[in-house]
Protein chains: 2
Amino acid sequence: MASTPKPAPAKGEQAAAPQGKPDRLDARMLETLVGYNARRAWLIVSAFFAERMAPYGLKQIDFSVLSLLAHNPGATSRQLCNALDILPPNLVSLVATLDSRGLIERRPHPHDGRAVGLHLTAAGEALIREAEQTVIQLEADASAKLTARERETLIRLLQKIYL
Amino acid sequence: MASTPKPAPAKGEQAAAPQGKPDRLDARMLETLVGYNARRAWLIVSAFFAERMAPYGLKQIDFSVLSLLAHNPGATSRQLCNALDILPPNLVSLVATLDSRGLIERRPHPHDGRAVGLHLTAAGEALIREAEQTVIQLEADASAKLTARERETLIRLLQKIYL
DNA sequence: TATTGTTATACTCTATAACTATA
DNA sequence: TATAGTTATAGAGTATAACAATA
């Protein structure tokens, strides 16, 4: 995922010879864009996530589903789709896998015969409890260059865009 | 892409009946995560981008390549890959398409016989000039709930994570 | 030997259409 | 008729291995 250690700019102001093949391209235009920056930052956090969550066998979407179920027992597939902005067909195999792993179970919905209530099993509860702690730590590490105050501000501003 | 207008919380403290199938699930845990929020915000901007840039026939990656070439004439595929964190095999067909559309052209690299210098054509220059203005506007619209000051802060904090 | 650009390929992610069973 | 869940499938996006030409 390229850490780009940044080999010290060194050049004071000079734009450098255009054909001179500088190691690092001028990306200043892209760096003024919220979309570009949000994606680049997300990619970094994702790399931390993939590495630290591999032991649990959880990808980001699995974690989100499990965490949502931990705080919303009995939620339906439809509700998960709405909450996570994913399409119903893409949730099917995901839920089936979590079920076959014994992390969740499907129970008939109390009020709607079409729907299925999703619940964490004891194993699912134990796993997500550990996983959430790991995610909290990985997030702290991925955003270590931010103060707690800055991190709160960052999240608040991101939410002003999508919430 | 779900606008989720937020129907006003209203409930003071109560956790609500777990099985009661609330329209909106409790996602407060996920909403404390930088990764989750960055992705959700990026998704919103992406939707604006896809809609407004469709007339130009440019996806985000195409725009990034063209914009980078506008400010770094003669850049190589390898440099674009490094700058955008994409893999060389995935850039090949992309560059080939931009070439066949007459937006860029490949010239032999002055100092390295293996490399190819990528340059915008006049048509490519004209297109990216317009496209950049459209992106600037779409970004402003997508982040309309932020003040100019907040938008700067957001970008600065995102860059502290990945730069 | 290392690097640039490339082909082929595979795996994941995301999207659409259509079906079933309930409501 | 509308909705929940599902199937099948198609299309992006992303990844690895291996090769030819050049350094």
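Along Cα→Cβ at 7 Å, what distances in nm separate the residue B:73 label point from those on the other copies, shortest first?
Ordered by increasing distance: 6.7 nm.
Taking 7 Å along the Cα-to-C-beta vector as the label spot, tell me the residue A:107-residue A:86 distance in nanometres, rounded to one decimal.
Reported label-point gap for residue A:107 and residue A:86 is 2.3 nm.
Please report the residue of chain B with the smallest beta-carbon distance to the B-to-A rotation axis, and give that distance in Å, no decimals.
Of all Cβ atoms in B, the one closest to the rotation axis yields B:38, 2.
When the helices in chain B are scored as -39500 (n - 2.57) per DSSP H run of 4 or longer and the sum is shared across all residues, what 222 nm value do you end up with, to the nearest 500 deg cm²/dmol?
Result for chain B, helices only: -18000 deg cm²/dmol.
What ³J(HN,Hα) values, in whole Hz, does the Karplus curve 6.51 cos²θ - 1.76 cosθ + 1.60 give for the stretch B:96-109 when θ = phi - 60°, with x put for Gly and Pro?
For the stretch B:96-109, the Karplus-derived couplings read 4, 5, 4, 5, 5, 7, x, 8, 9, 9, 9, 10, x, 6 Hz, x marking Gly and Pro.
Give the long-range amide H neighbours of residue B:117: residues separated by 5 or more places, or on another chain, with amide H under 5 Å away, using H modelled in the peptide plane at 1.01 Å from N.
Here B:107, B:109 satisfy the definition.
Can you list the copy-to-copy distances for residue A:93, using a point 7 angstrom from Cα toward Cβ, in nanometres, shortest first?
Output for residue A:93: 2.0 nm, nearest copy listed first.
Can you give the mean number of other chain Cβ atoms that lie within 10 Å of the Cβ atoms in peptide B:150-157?
What the average comes to for B:150-157 is 6.
Give the span of the stretch B:35-162's Cα atoms along each principal axis, as three whole-Å numbers ordered largest to smallest.
The Cα atoms of the stretch B:35-162 stretch 48, 31, 23 Å along the principal axes, largest first.
Could you work out the relative contact order of chain B? I mean the mean sequence separation of Cα pairs under 8 Å and 6+ apart, divided by the number of residues, in percent.
Once normalised by length, the contact order is 22 percent.
Distances from residue A:28 to the same position in the other copies: list them in nm, one decimal, shortest first, using label points 7 Å from Cα along Cα→Cβ.
Once sorted, the set of distances for residue A:28 reads 4.5 nm.
Can you give the FRET efficiency to the nearest 0.05 for residue A:51 and residue A:144, using r as the Cβ-Cβ distance and R₀ = 22 Å?
The value I calculate is 0.90.
Summarise the long-distance tail of P(r) for the protein assembly as shown by giving the % of C-alpha pairs beyond 26 Å.
Tail of the P(r) past 26 Å holds 56 percent of the pairs.
Counting partner chain Cβ atoms within 10 Å of every residue's Cβ in B:97-106, what's the average?
Per residue, the average neighbour count from other chains is 0.
Mind listing which chymotrypsin sites (Phe, Trp or Tyr not before Pro) in the stretch B:46-123 are in a DSSP loop and have 12 or fewer other Cβ atoms within 10 Å?
Passing both the DSSP loop test and the Cβ count: no residue.
For the stretch B:146-160, just list the computed ³J(HN,Hα) in residue order, Karplus coefficients 6.51, -1.76 and 1.60, θ = phi - 60°, integers in Hz, with x standing in for Gly and Pro.
Residue by residue, the stretch B:146-160 yields 9, 6, 4, 4, 5, 5, 4, 4, 4, 5, 4, 6, 4, 5, 5 Hz.
Peptide B:41-51: average number of partner chain Cβ atoms within 10 Å per residue?
Neighbouring Cβ atoms belonging to other protein chains average 5 per residue here.
Would you mind pulling out the separation of the Cα centroids of the stretch B:48-104 and the stretch A:24-65, in Å?
Between the Cα centres of the stretch B:48-104 and the stretch A:24-65 lies a distance of 20 Å.
Quick note: the coordinates plus some simple rules give every number you see, no bench work behind them. Just so you know, these numbers come straight off a predicted model, no measurement behind them. Note that each Cβ is placed from the backbone with ideal geometry, even for glycine, and that neighbours are counted across all protein chains shown.
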